[in-house]
Each structure stands twice: as structure tokens, then as C-alpha cells.
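First the structure, in the form of C-alpha cells, and then the observations on it.
Please treat every number below as a calculation from the coordinates, not as lab data. Owing to the predicted nature of the structure, the values given are computational and were not obtained by experimental measurement. Cβ placement follows ideal geometry from the backbone for every residue including glycine, while neighbour counts extend to all protein chains displayed.
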Amino acid sequence: MSLVTVLMKHLRELLFPLIAVIAAFVVGGIFVLAIGDSPIKAYSELIGNAFAWPDGIGYTLFNATPLIFTGLAVAVAFRCGLLNIGAEGQLYVAAFATAWVSMKFGGVVVDVFGQKVSYSWMTLPAVILVPLAIFAAIFAGAFWGAIPGFLKARFGSHEVINTIMLNFIAVALCSYFTQYHYKVPGDPIMQSAPIGESAHIAHLGKFIPGLPERIPVNLAFILALIACALVYVFLWKTKWGYEIRATGANPSAAEYGGISVRKQIVLAMAVSGGLAGMVGINEVLGYHHRYYDGFSDNYGFTGIAVALLGRNHPVGVLLAAILFAILLRGGIFVDAFTDHVSKDIVQILQALVILFVAAGARYRGSLNVFGLLKRSKV
Amino acid sequence: MLELRNITKRFGDVLANDHVNIKVKPGTIHSIVGENGAGKSTAMRIAYGFYTPDSGEILVDGEVREIRTPHDAIALGIGMVHQHFMLVEPMTVAENIVLGAEPGTTAALDLNKAASEIRALSDEFKLAVDPHATIETLSVGQQQRVELLKALYRHARILILDEPTAVLTPQEVEEFFAILRRMREQGKTVVIITHKLSEVLAISDEVTVMRDGRVVGELKTSDTNAAELARLMVGRDVLLRVEKPEAKAGETVLRVQNMVVAVADGTRRVNDVSFEVRAGEIVGVAGVEGNGQTELIESLAGLTAQSRVSGKVDFAGRDITNMSARDRKELGIAHVPEDRHRRGLLLDFDLAENSILGIHYRQPAVTGLGGILLDEKGIERRARQVIKDFDVRPPNPDLPARALSGGNQQKLIIGREFELNPKLLLVSQPTRGVDIGAIEFIHRKLVALRDAGCAVLLVSAELEEVTALADRLLVIYHGQIVGEVDPKQTSNEEIGLLMTGGKKQ
């Protein structure tokens with residue numbers, strides 16, 4: 001295939017989500033008009049601020065980081081024919097696990113009412129502690145994701161129900177341990193003791209001239225980019241990815257091909273959970289530096305929208321995550337600088353995008369008439 | 001009576017009907033034959049109002065008529081019976097027949113009146129259908145007669161039947177033809193869409209042959225023969241008989257002893273079956289569909305997620321009763337499944353990816369990192385090999401399998417399995433929904449594989465196919481092998497009797 005045909009193929013893939021986004025903005029604009037504001041003003045506040053250097057871009061990428069992870073998580077599960085509604089629970093468990101490891105092995109000593117209290121068993125250097133903490137996040141997320149995978153493979157119970165239920169359990173468990181075991185006495189905020197300083201990962205400002213270090217976009221963003229590349233390689237360039245995609249495309253044919261459908265379900269859910277768990281790296285090691293109860297701004301659920309808009313492809317997920325991150329941050333400016341429109345417009349736009357993507361599946365057929373949307377390999 | 005004049009219909013890039021002219025005379029049985037995709041179903045769906053033509057006109061009784069919906073067609077006396085029945089299983093015959101044309105006042109449904117009318121119709125054409133029976137208790141043949149009644153109840157004078165014999169046993173086909181002849185006597189006009197030439201010759205008065213969306217022949221059945229029709233359909237001479245030398249059977253490759261396959265509810269789909277297949281022979285399994293053939297072949301291939309297998313299966317002297325599908329494939333057992341869309345293909349995957357299904361974990365599909373990474377060059381080489389050896393068209397490994405015609409999808413699957421150089425081939429319905437040209441090709445390949453020393457176990461619903469290909473023929477009924485016949489000696493009647501549970505004479 002020549003470069004041009006490859007490029008055309010990918011442009012076609014982009015076209016459809018783009019139409020959905022534009023349609024959502026048009027309808028959203030009607031809402032804004034109805035409220036009595038100028039859609040142009042509202043949208044320029046919503047989007048325009050994202051491209052300012054350094055704050056706009058820095059914060060957008062920081063906001064995009066967790067959405068890339070959860071978007072990838074949902075996409076991997078979906079490629080296996082599974083709907084992972086449980087990324088939210090998986091990322092909570094993972095964030096708690098990484099915080100716990102970074103605390104226990106980070107040499108944390110806290111001043112409690114004038115007394116030095118240790119929260120650690122030992123002090124590990126950064127070269128060991130950071131990889132260990134990252135591993136803890138991935139492992140905990142993968143474990144929490146593998147549970148509904150196992151339940152489905154073993155008993156046939158539906159993963160949607162089980163992942164939703166496990167979300168409640170995850171959030172409640174983390175809150176319990178925070179409140180009764182790892183909170184510093186006297187702290188009015190529902191958060192754990194801080195993690196060891198050797199577990200902190202650097203903000204990107206440390207490496208990029210002109211980007212102040214106060215902006216929290218950190219090495220987890222680089223990890224997210226690496227994760228995109230690895231997910232792509234995993235799904236399309238390895239035999240494991242072939243097996244997962246075959247299972248998602250047609251479980252009967254996969255079985256015929258000697259693939260254990262049950263194994264693939266558990267594997268896909270574990271990989272999905274592990275990816276969701278990486279949100280903990282961004283939030284705990286890169287930003288809060290502790291487990292902070294209720295830290296997730298629905299990242300797990302927004303991840304479903306990100307995957308849907310991104311057509312369950314790592315490149316699409318990356319682009320969709322950045323778009324949603326722009327909206328997330330732009331909402332603040334809409335709140336502040338328009339007369340009537342509040343930041344809830346963001347929620348409306350997100351919902352509209354999803355509606356148009358979903359409704360559009362029906363109309364892909366008629367667009368095919370123009371040969372614009374022929375199915376490609378990925 | 002019914003005439004299509006210059007009908008043209010285009011679906012996207014495909015010209016499904018290109019200036020089609022078909023003239024059906026009143027009181028005749030008229031066959032429309034052609035390969036898959038020749039446009040015969042499209043033409044009839046236009047006549048029934050499912051599609052509107054891009055240009056051209058439809059005449060009924062010599063007058064130009066607008067048929068925009070099936071309702072228009074029914075009002076003009078045109079009825080259609082589809083290949084897949086459209087019946088509500090838990091409801092009675094009468095309820096199904098009145099559906100959409102309920103008698104009585106709007107509020108009260110007068111089923112008794114309908115039932116007596118249906119009984120009268122049934123008697124008139126000797127259909128022997130009880131209006132009060134529920135559909136799910138009826139045989140396939142009876143269900144088809146319910147579909148006929150549905151059209152007759154709506155006063156159809158012209159009946160269009162889409163592949164009506166595909167689901168019937170040989171005996172049922174005979175009964176069905178008798179019904180059609182009675183309908184002709186009563187002045188009805190019948191149009192049959194089919195690709196079975198023997199049936200065309202047996203039942204119809206006139207035949208229209210279609211190829212690539214065009215009418216390529218209009219003949220009186222009495223003036224033609226199977227060879228001529230086949231040549232018109234395919235566009236070249238076709239070998240209708242399978243040419244095969246005498247089998248040289250070698251050692252026993254597969255030995256099945258007292259095999260039982262039970263499904264989740266405990267039903268024994270395969271019940272105490274024993275047989276052998278030797279190298280270099282084709283053993284055929286004949287039977288009405290749903291008598292355990294699917295479960296037999298799938299269990300032998302190791303696809304037992306939905307069932308439990310007991311008994312003993314030996315392959316080349318090795319016990320494989322509880323072996324996984326992958327390990328069986330490694331030993332040299334290839335499998336062409338009966339349903340290529342459900343089992344055989346990943347329709348959204350491209351041809352290259354489909355060509356390695358089942359061997360995707362080993363050479364030549366993988367490379368590097370200890371055999372984790374897929375070897376795209378190796379996969380493409382394999383795909384091109386299959387495409388070349390088995391004449392898969394279009395020959396583009398990047399196309400999704402969905403884009404291929406049924407015949408080419410089947411050639412891809414058969415090629416993939418043959419390329420493994422199997423010692424045993426399990427093959428189910430190798431030519432279902434495949435056009436004549438491809439059937440000839442697949443049959444030749446099967447015989448060549450046999451002659452190369454492979455043991456072949458063949459299941460097919462097409463009696464002609466199993467009798468032509470098999471060296472020995474087993475007949476299966478209710479999960480049991482009820483007889484073995486010599487395909488060279490036997491008759492369709494003998495097999496047909498065994499297939500329906502009759503005893504061998």
C-alpha cells in the first residue's frame with residue numbers, strides 16, 4: 001500500500017467521529033442560544049484557552065492523562081467483546097495500592113500532635129520504589145479487573161453487572177482503609193498519610209523549558225503515550241492480541257481456531273484493569289502524593305465515552321482523551337466568563353457526542369455510498 | 001400473467017439487475033435459475049414489492065402496475081414464500097396465517113371462521129395441515145406448507161417460492177412437487193427460484209436462466225438439459241459429475257467407538273456411534289439436518305464447550321477423546337465447519353488474518369520475541385498461497401472476509417485447512433450456498449486430497465454430493481448410524497428411507 005492510501009484510510013476512520021463531534025457542538029450551540037448567550041463566545045471560552053502556553057496546554061495534557069488510560073482500558077476490553085464499566089473501581093483500588101506501597105516503603109514520618117509517627121516499614125530509594133509503586137498500581141487494577149473476567153469465564157455472569165458492583169465495593173473499601181487505618185489523626189480531610197518523597201514522579205516542567213513545574217502534568221503522561229503504543233502493538237502485532245480480537249469478533253470462530261475463549265476473557269479484563277489502574281500513577285505519584293478519597297472525576301466512566309469516540313483504537317483514544325480534557329478545563333472558563341452558561345455545558349456536549357456516535361452507527365451505511373467510510377483493517 | 005420489463009436495479013457499485021425481462025405465463029410452473037448473486041432473488045423481490053426498481057416496469061395480467069410494497073403485490077394476487085420461514089413458533093397455524101390479515105371486526109378476532117377457511121384450502125390442495133396445531137410441533141415440510149397456505153389465504157394467484165427445497169428430504173421434495181402440480185392444475189401460477197438443475201427439469205414448464213444480473217436464456221424445459229442449463233448459468237462448460245478413480249484405502253486413521261455426545265440438558269445428540277475412516281478414502285455421512293451431524297463433527301474436532309463427550313476416539317492409534325482443538329490440529333486433523341460465518345471465519349478480519357486462524361500461534365504466523373510477535377510477511381505469504389492455490393477472488397489479502405462471495409469465503413476456508421496437509425479432514429457442507437463453478441472446484445480438490453492419502457469424513461445435506469463423493473456412506477438418524485450403504489449401488493430412495501428412520505430392506 002502506498003503512503004497516500006494508508007493516509008486516506010486513516011482519514012476515513014477519523015471522519016466519522018469528527019462528524020459526531022461537530023454535530024454535538026451544533027446542537028449544544030442551540031442550547032446556548034436558548035439560554036441567551038452567544039455560542040461563539042461560549043465555545044471560544046470552552047476551547048480557546050486550551051491552546052495557551054504553558055498553562056492551557058499543560059493542564060489539558062494533565063487532564064487527558066487519566067482519560068487516555070481509562071479509554072485504553074475500555075478499548076482493550078471492548079476488542080474482546082467485553083464492556084468494562086468497572087474502570088472507575090479498578091483505578092480506585094490501584095491508586096490505593098500504589099499509595100500504600102509508596103507509604104510503607106517510602107520512609108514516611110508524620111508529625112502527629114507534636115509526636116513523630118512513622119507510617120513506614122522501610123525506606124527504599126527512588127530507583128526501586130517508583131517501579132515498585134507503578135507495578136502495584138498496574139497489578140491491583142489488573143486484579144480488580146480480572147475478578148469480573150473470571151466470574152464471566154467460570155460462571156457466565158455478565159461483566160457489566162459485576163463491574164458496576166465492584167465499583168461500589170472498591171470505593172467503599174478504599175474509604176474504609178483511609179478513614180480507619182491510614183489517615184493521619186486530626187486531619188480533617190479524607191486522605192491518607194503522604195507517600196514517601198522518593199516515590200514522587202517528576203512534573204514535566206522539570207524537563208521542558210518554559211513549562212513551570214507548578215503545572216501538574218507529569219511523567220505519567222509520557223507513560224500514557226507509551227501505553228498507547230504498547231496497546232497498539234499488543235492488539236495488532238502479537239498472537240495474544242490476535243486471540244483477544246478473534247474472541248471479540250466471533251467467539252465461536254475463535255473456539256474453532258483453538259483459542260480458549262475463557263482465558264481470553266480473563267486476560268482481556270486483567271489487561272483492561274491494569275491500564276485503568278495506571279491512573280493511580282498520575283494521581284498519586286504525580287499529583288496528590290497521597291491517597292485522596294474521591295479523587296476521580298468519573299475518569300472510569302468518561303473512559304467509556306473516550307473509547308467510543310476513539311473507535312477503540314489507541315490513536316483514536318489519545319485524540320478523544322485530549323478533546324475531553326480540553327472540554328473539562330474549558331468548562332471553568334465558561335463558568336467564569338459567560339453570562340448564563342455554566343460548566344455543565346461540558347456534560348451536555350459529552351453526552352451529545354456519545355449520542356451522535358451511537359446514532360451514527362446506523363448511518364454509516366448510507367455514507368458508504370460515497371465510498372468515504374469503507375471498513376478498514378483496524 | 002406476470003411480466004418484468006427492462007428491470008434495472010443497482011445496489012451501490014453492484015448492478016443486481018440489468019435490463020431484466022422475465023415473462024411468466026399463466027398456469028405454468030416457471031423456474032428462475034442462476035448462481036448466487038446472479039440477481040434472481042432481486043428480480044423476484046422487486047416483483048413482490050420488497051425493492052423498487054431503478055427503471056423498468058412490472059405488468060400483471062398485461063397491465064402496467066406500481067408495486068411499491070408487499071401489500072401492493074398481495075392485492076394483485078402475488079404471494080411469496082421465503083427461504084427462511086417467517087412463522088411465530090408458539091402460535092397456531094391459523095394464528096400465523098391470519099397474522100396481518102385478521103378477519104372479523106377490528107376488536108374481535110374471528111379465528112374459527114379463519115380456521116374453517118384454512119381447512120378448506122388445505123383440503124383443496126391436499127396439504128394435510130391442521131389449523132389448530134402449533135408451529136413448533138410441525139416438521140419443516142409442514143411449516144413450508146403453512147407458508148403456502150398463508151399466500152393462498154390471501155388469494156394469491158401467483159406464488160413465488162425462494163429455494164423451496166433447500167430444507168426438505170428427498171421424500172418431502174417429491175410430496176412438495178406433487179402439491180405444486182396440483183396448484184398448477186387448479187390454475188395457479190408458480191415461480192421457483194433455485195439452483196438445483198435436476199429439480200428444474202423435474203417440475204417446471206419453462207425456465208429463465210440468469211447470470212451477472214442479466215437474463216441469458218429463456219427455454220422450455222422440454223427442450224433443454226442439465227448440461228445446457230449449467231453452461232448458461234456459469235458461462236462455460238461444467239463437469240456435473242465428480243470424476244474420481246477407485247479409492248485406495250490404507251490404514252485406519254480415525255476409529256470412533258461408542259461415542260456419545262450429550263448437550264447441557266442431557267439430550268444425546270450423538271448416541272453410541274462407532275465407525276472408522278481409513279487413509280485415502282472419503283466416508284460420507286448422509287442424514288436430514290439436525291440428526292447429530294453437527295455435534296459429531298464438532299466433537300471430533302475438539303469443539304466441546306457446549307457438550308460432553310464419552311466413548312473413545314482414536315486418531316492414528318492415539319487416544320484423542322479428551323484432547324483440545326489446538327492439539328488435534330497439531331496432530332494433523334483439519335476441519336471445514338458447516339457454518340462458515342459462525343465458525344469458519346472472522347468476517348471483519350482480513351483474508352490474511354483469516355488464513356492463519358488456528359495456526360496463529362506458530363510458524364509461519366509468528367516471529368521474534370520467542371514467537372510472540374505476528375510475522376506479517378509470513379502471514380501474507382501464507383494468505384497469498386491459499387488465495388493462489390484455491391483461486392480465491394478477488395485475490396487481495398487486505399480485504400475483509402465479509403467482502404467475499406460465499407463461494408470465495410468457502411474456498412478460503414478450504415484452502416486454509418488443506419494447506420495444513422492434514423492426515424484427517426473433517427468437512428461439513430463443503431458447498432452450501434456455493435455456485436456451480438466453485439462446487440466443481442471444491443469437489444476436485446477433495447478427491448485430490450483423498451488421493452494424496454488423507455482420510456476424509458464428509459457430512460452434507462446434499463444427497464447428490466455425498467453419494468457422488470463418498471467411497472462409503474453412513475446414514476445418521478436421531479444421533480445413531482442406522483446403516484452403511486455403498487454409494488455406487490444405492491438409490492436415493494434407499495438412503496431417503498434410512499434418513500427418515502425406515503429400515504434397510
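Of note:
- Cα gyration tensor category, rounded, prolate or oblate, for the range B:416-505 with a/c compared to 1.5: prolate
- For B:Thr321, residues with placed amide H under 5 Å, excluding near neighbours: B:Val313
- The range B:345-420 gives an Rg/Rh value of 0.96, both radii derived from C-alpha positions and Rh following Kirkwood.
- Shown is the FRET efficiency for B:Arg10 and B:Arg381, computed with R0 = 41 Å from the Cβ-Cβ distance and rounded to the nearest 0.05: 0.60.
- Since only B:Ser491, B:Gln363, B:Thr28 are under comparison, the one whose Cα sits farthest along the positive direction of the charge dipole of chain B, derived from C-beta charges on Lys, Arg, Asp and Glu, is B:Gln363.
- Screening chain A for whole DSSP H helices of 18 Å or more along their axis (Cα) with average Kyte-Doolittle hydropathy at least 0.5 returns A:3-35, A:55-79, A:87-104, A:126-155, A:159-177, A:219-237, A:261-277, A:314-337, A:344-367.
- For chain B, the share of DSSP beta bridges that are antiparallel, to the nearest 5, is 55%.
- Kirkwood hydrodynamic radius (C-alpha pairs) into Stokes-Einstein, the protein assembly as shown, 10 °C and 1.306 mPa s, D in µm²/s: 50
- The label point for B:Met91 and the one for B:Asn258, both projected 7 Å from the Cα toward the Cβ, are 4.9 nm apart.
- Scanning residues 5 or more positions from B:Gln480 or on other chains, those with amide H under 5 Å from its amide H are B:Asn271, with H placed 1.01 Å from N in the peptide plane.
- With a Förster radius of 30 Å applied to the beta-carbon distance between B:Glu289 and A:His158, the computed FRET efficiency rounds to 0.40.
- The ranking of B:Glu243, B:Glu465 by Cβ neighbour count inside 10 Å, starting from the fewest, reads B:Glu243, B:Glu465.
- Multiplying the residue separation of B:Thr137 and B:Gln489 by 0.36 nm and removing their Cα-Cα distance gives an extension gain of 123.1 nm.
- Chain B - mean residue ellipticity at 222 nm from DSSP helices (-39,500 (n - 2.57) per run, n ≥ 4, rounded to 500): -9000 deg cm²/dmol
- Only helices enter the 222 nm calculation for chain A: every DSSP H run of n ≥ 4 contributes -39,500 (n - 2.57), and dividing by all residues gives -22500 deg cm²/dmol, rounded to 500.
- Only Lys, Arg (+1) and Asp, Glu (-1) charged, at Cβ; the protein assembly as shown dipole about Cα centre in debye: 1680
- Computing FRET efficiency as 1/(1 + (r/R0)^6) for B:Arg362 and A:Lys206, where r is the C-beta to C-beta distance and R0 is 35 Å, gives about 0.15.
- The range B:397-505: antiparallel DSSP beta bridges as a percent of all, rounded to 5: 50
- Cα gyration tensor category, rounded, prolate or oblate, for the range A:38-338 with a/c compared to 1.5: oblate
- Fully extending the segment from B:Lys23 to B:Asp205, taken as 0.36 nm per residue of separation minus the present Cα-Cα distance, adds 64.3 nm.
- Computed extension gain for B:Phe50 through B:Arg231, at 0.36 nm per residue and net of the alpha carbon distance, reaches 62.1 nm.
- Hydrophobic, long helices, defined as DSSP H runs whose alpha-carbon span along the helix axis is 27 Å or greater and whose mean Kyte-Doolittle value is at least 1.0, do not occur in chain B.
- Backbone N under 18 Å from the A:Met122 label point (7 Å along Cα→Cβ), restricted to the range A:166-202: A:196-199
- Where only alpha carbons of the range A:267-324 are counted, the Rg and the Dmax (Å): 12.4, 34
- The dipole here belongs to chain A: it is taken about the Cα centre, uses +1 on the Cβ of Lys and Arg and -1 on the Cβ of Asp and Glu, and is about 1460 debye.
- Equivalent ellipsoid dimensions for chain B as semi-axes, Å, which come from the Cα gyration tensor, largest first: 42, 28, 22
- Dipole-positive endmost among A:Leu15, B:Ile135, A:Leu352 within the protein assembly as shown (Cβ charges, Cα centre): A:Leu15
- Annotation: amide H of B:Leu2 within the under-5 Å range of B:Val24, B:Asp61, sequence separation 5 or more or interchain, hydrogens built in the peptide plane.
- Cα-Cα over 28 Å, subset of B:Lys312/B:Lys488; B:Lys113/B:Lys188; B:Lys23/B:Lys445; B:Lys150/B:Lys411; B:Lys23/B:Lys113: B:Lys312/B:Lys488; B:Lys23/B:Lys445; B:Lys150/B:Lys411; B:Lys23/B:Lys113
- Label-point separation, B:Asp348 to B:Asp72 (7 Å along Cα→Cβ), nm: 3.7
- The Rg/Rh ratio for the range B:2-234 is 0.97, where Rg is the radius of gyration of the alpha carbons and Rh is the Kirkwood radius.
- Packing here is the average count of other Cβ atoms within 10 Å per residue, and on that basis the peptides A:152-158, A:282-288, B:273-279, highest first, run A:282-288, B:273-279, A:152-158.
- For the range B:361-371, the Karplus equation 6.51 cos²θ - 1.76 cosθ + 1.60, evaluated at θ = phi - 60°, returns couplings of 9, 9, 4, x, 7, 10, 7, x, 6, x, x Hz by residue, with Gly and Pro reported as x.
- For chain A: lysine pairs under 29 Å (alpha-carbon distance), excluding those fewer than 8 apart on one chain: 20
- Across the options B:Gln409, B:Thr42, B:Val263, the greatest Cα extent toward the positive end of the charge dipole of chain B (unit charges at beta carbon of Lys, Arg, Asp, Glu) belongs to B:Gln409.
- Across the range A:71-100, the residues whose backbone nitrogen lies under 20 Å from the label position 7 Å along the beta-carbon direction of A:Asp187 are A:91-100.
- Near-label residues of the range A:169-187 by backbone N, under 20 Å of a point 7 Å along Cα→Cβ of A:Phe113: A:179-187
- Placing unit charges on the Cβ atoms only, positive for Lys and Arg and negative for Asp and Glu, gives the range B:345-420 a dipole magnitude near 140 debye about its Cα centre.
- Fraction of antiparallel bridges per DSSP, the protein assembly as shown only, in percent to nearest 5: 60
- Shown in residue order for the range B:85-100 are the 3J(HN,Hα) couplings computed by the Karplus curve 6.51 cos²θ - 1.76 cosθ + 1.60 at θ = phi - 60°: 5, 10, 10, 8, 4, x, 9, 7, 4, 4, 4, 5, 6, 7, 3, x Hz (x for Gly and Pro).
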